[in-house]
Amino acid sequence: MLGTEKEINRFCLELSEQDVVQRIYELKAQLGSRLLILGHHYQQDQVIQFADLTGDSFLLSRQAAECKDAQYIVFLGVNFMAETADILTSLWQKVFIPDINAGCIMADMAEACQVRRCWEVLQRSFPGEVIPITYVNSSAEIKAFCGENGGLTCTSSSADGAFHWALEQDMKVLFVPDEHLGRNTAFKAGIDPEEMAVWDRQRNRLVGPENPRVILWNGYCPVHQEFSPDSISAVRKKHPGVRVVVHPECSCETVQAADEAGSTEYIIDCVRTSPAGSVWAVGTEINLVQRLSLEHGDKKIISLDETVKPCPDMLKISPRNLLRCLEGLLGDRTENIVAVDSKTAGWARVALQRMLSIR
Ligand code: SF4
């Protein structure tokens, strides 16, 4: 067994790409049911091939919560997903990520201290009238904040349910950190755009109506924000009869111009259930679009805008750093462990369990 981090690094660097793949499969066989590898749909094919289960954030959080056997859970995705898995699994289970620096640009747009500052202002203006909802693309600290303040977490699959849950209680919603997902969901729930305000995180102030029903944090995903109504017009012109499906992290104008909008699982389902010969332009991360195109040879599946780059953080996960992570866990090394402290995890679990129970 390789002992030090240096030994592991040297061993992994010296292997050919083919040997890396073979060694990962050997270690998977050796660890058997003690190891569970969860893979997000936005991962590259060369990485996703090692996943035992694949899904979007919602499915993967559910799978992590239901996983009762594996001692080691390795997350092929970004940091907030691994944190979520750690929060939802038992204390004896350890969660790892092959690159601890794989973050999420959108999640980093909301820091817990900024959210607390916003909350203080909202509590002065609307005492006891606001429910905080955080998109799962956020730190464990923000999830904990929502759990502790009567709110919850949601994914793009469960955002509708989360909004209905809050609005049925006749409460205002503070939605963090994705302005677009919040606006699209509020719009779908029948909220007038005139009743939506934006919390300007850079200036620490509320912009919009004085008495809003929904307050949107002004964060965004730099990948999905690139898709625009212009991309849709261009693809319709080039491919007459094309159907356009986009993720709700795209802007409201883009969602309105598309034929369909929904979570990653919704997009996959749209393509899968459409008849042979269908033509789809898909507005989401390119790795998923390319995989859909390969898996559905009887349909034409293209990216809504081929100039949109892949998510830089998802790209940080590679077979070589997965191997390094697996060799490390065998040697009881802790470099790749994602562990949320127990107080934060406790309240974050409350927010996540509320999400899992309303869907
Ligand atoms: S695609 Fe966007 S939301 Fe998803 S991890 Fe990358 S930056 Fe974050």
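The values are calculated or read from the model by the stated rules, or taken from the named source; none is laboratory data. Bear in mind the structure is a predicted one, so any value in this text is a computation, not a measurement. We place every Cβ from the backbone using ideal geometry, glycine too, and count neighbours over all the protein chains shown. These accessible areas exclude ligands, DNA and RNA; they are computed on the full protein's heavy atoms, side chains included. Shrake-Rupley method; radii C 1.70, N 1.55, O 1.52, S 1.80 Å.
Key figures for this structure:
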read-out	value
Fraction of accessible area attributable to carbon and sulfur, segment 107-220 (%, probe 1.4 Å)	43 percent
Loop sites in segment 75-182: chymotrypsin sites (Phe, Trp or Tyr not before Pro), DSSP, at most 12 other Cβ within 10 Å	W92
Extension gain, F126 back to H164 (0.36 nm per residue minus Cα-Cα distance, nm)	11.7 nm
Proximal charge balance of L288 [Cβ under 11 Å; K/R count +1, D/E count -1]	-4
Largest-first principal axis extents, alpha carbons of segment 224-303, Å	30, 26, 18
Cα-based equivalent ellipsoid of the chain: semi-axis lengths in Å, sorted from largest, via gyration tensor	34, 28, 16
Segment E335-R117, extension gain: residue separation times 0.36 nm, minus the distance between their alpha carbons	75.2 nm
Stokes-Einstein diffusion coefficient of segment 107-220, Kirkwood radius over Cα pairs, 37 °C, 0.692 mPa s, in µm²/s	244 µm²/s
FRET efficiency estimate (nearest 0.05) - Cβ-Cβ, E7 to R34, R0 30 angstrom	0.85
Too-long pairs where the Cα-Cα distance tops 20 Å, listed order kept, from K237/K309; K28/K94; K28/K68; K237/K300	K237/K309
Segment 77-133: C-alpha pair distances exceeding 18 Å, %	54 percent
DSSP-loop trypsin sites (Lys or Arg not before Pro) across segment 22-109, with at most 12 other Cβ within 10 angstrom	K68
Relative contact order, percent, the chain [alpha-carbon distance under 8 Å, six or more residues apart]	22 percent
Net charge, V245 excluded, C-beta distance under 11 Å - Lys, Arg +1, Asp, Glu -1	-2
Residues of the chain: accessible area per residue with a 1.4 Å probe, Å²	43 Å²
Simple spin-label estimate for Q202 and S357 in nanometres, 7 Å along Cα-Cβ	4.0 nm
Relative contact order %, segment 224-303, counting alpha carbon pairs below 8 Å whose residues are six or more apart	28 percent
Segment 118-188-segment 23-74 distance, computed between alpha-carbon centres (Å)	29 Å
